[in-house]
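Here's the structure, in structure tokens; my notes come after.
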Amino acid sequence: MRTEAGDTVEVVLTWDADESEVVVTPSVGLHGATTYRLSLGPGLTSADGRAFDQSPCEPGRQGFAAGFTTRPPVTPRRGGRTQL
């Protein structure tokens with residue numbers, strides 16, 4: 001995974017119990033108000049060799065790409081309340 005600025009963020013990929021979904025867990029905390037891009041190539045396979053295929057109805061294997069932006073950091077307010 002990379003930030004919009006090009007910094008690499010290490011992730012751990014695991015399969016769920018029935019190996020139908022890939023779980024992506026960053027190895028470090030993500031920064032607030034930062035855009036990230038995750039790309040998984042078509043060569044990703046489960047432990048038993050099944051291929052990850054984003055669009056199984058299309059010929060060949062497709063990878064997966066997604067982007068997201070984290071929300072800004074929380075700013076404490078006076079009086080102990082937090083503004084989100």
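The residue list Thr8, Thr34, Thr3 contains one member that is within 30 Å of Pro73 (Cα to Cα) and exposed (fewer than 13 other Cβ atoms within 10 Å of the Cβ), which is Thr8.
Can you say whether Ala17 is in contact with an Asp or Glu (Cβ under 9 Å, 6 or more places away or on another chain), assigned to a loop (DSSP other than H, G, I, E, B) and not β-branched (Val, Ile, Thr), as far as the supplied structure shows? In short, no.
Which of the residues that make up the range 31-75 are among the aliphatic types (A, V, I, L, M) and farther than 27 Å from Asp18 by Cβ?
First, pick out the residues of the range 31-75 that are among the aliphatic types (A, V, I, L, M): 33, 38, 40, 44, 47, 51, 65-66, 74.
If the condition is that a residue be among the aliphatic types (A, V, I, L, M) and farther than 27 Å from Asp18 by Cβ, then Ala33, Val74 are the ones that fit.
Within 14 Å of Glu4 (Cβ to Cβ) and in a loop (DSSP other than H, G, I, E, B), is that true of Gly32?
On the way: within 14 Å of Glu4 (Cβ to Cβ): yes; in a loop (DSSP other than H, G, I, E, B): yes.
So Gly32 passes the test.
Within the range 1-14, restricting attention to residues that are part of a loop (DSSP other than H, G, I, E, B) and touching a Ser or Thr at 6+ places or on another chain (Cβ under 6 Å), the residue that is nearest to Arg61 (Cα to Cα) is Glu10. Among the numbered conditions (1) touching a Pro at 6+ places or on another chain (Cβ under 7 Å); (2) without any contact (Cβ under 8 Å) to a residue 12 or more places away in the chain, the only one that Arg77 does not meet is (1). Considering the conditions (1) in contact with a Lys or Arg (Cβ under 9 Å, 6 or more places away or on another chain); (2) farther than 30 Å from Val74 by Cβ, Ala47 is excluded by exactly one of them, (1).
Anything in the range 24-53 that is under 10 Å from the mean Cα position of the chain (by Cα) and closer than 13 Å to Phe64 by Cα? List them, or say none.
The first filter runs over the range 24-53 and keeps only residues under 10 Å from the mean Cα position of the chain (by Cα), leaving 24-26, 36-40.
Correct list: Val24, Arg37, Leu38, Ser39, Leu40.
Candidates are the residues of the range 40-62 that are farther than 16 Å from Trp15 by Cα and small (Gly, Ala, Ser); the one that is surrounded by the fewest Cβ atoms within 10 Å (Cβ to Cβ) is Gly60.
None of the figures in this text is laboratory data; all of them are computed from the coordinates on show. Keep in mind it's a predicted model, so treat the numbers as computed, not measured. Here the Cβ is made from the backbone with ideal geometry for all residues, glycine too, and neighbour counts use every protein chain on show.
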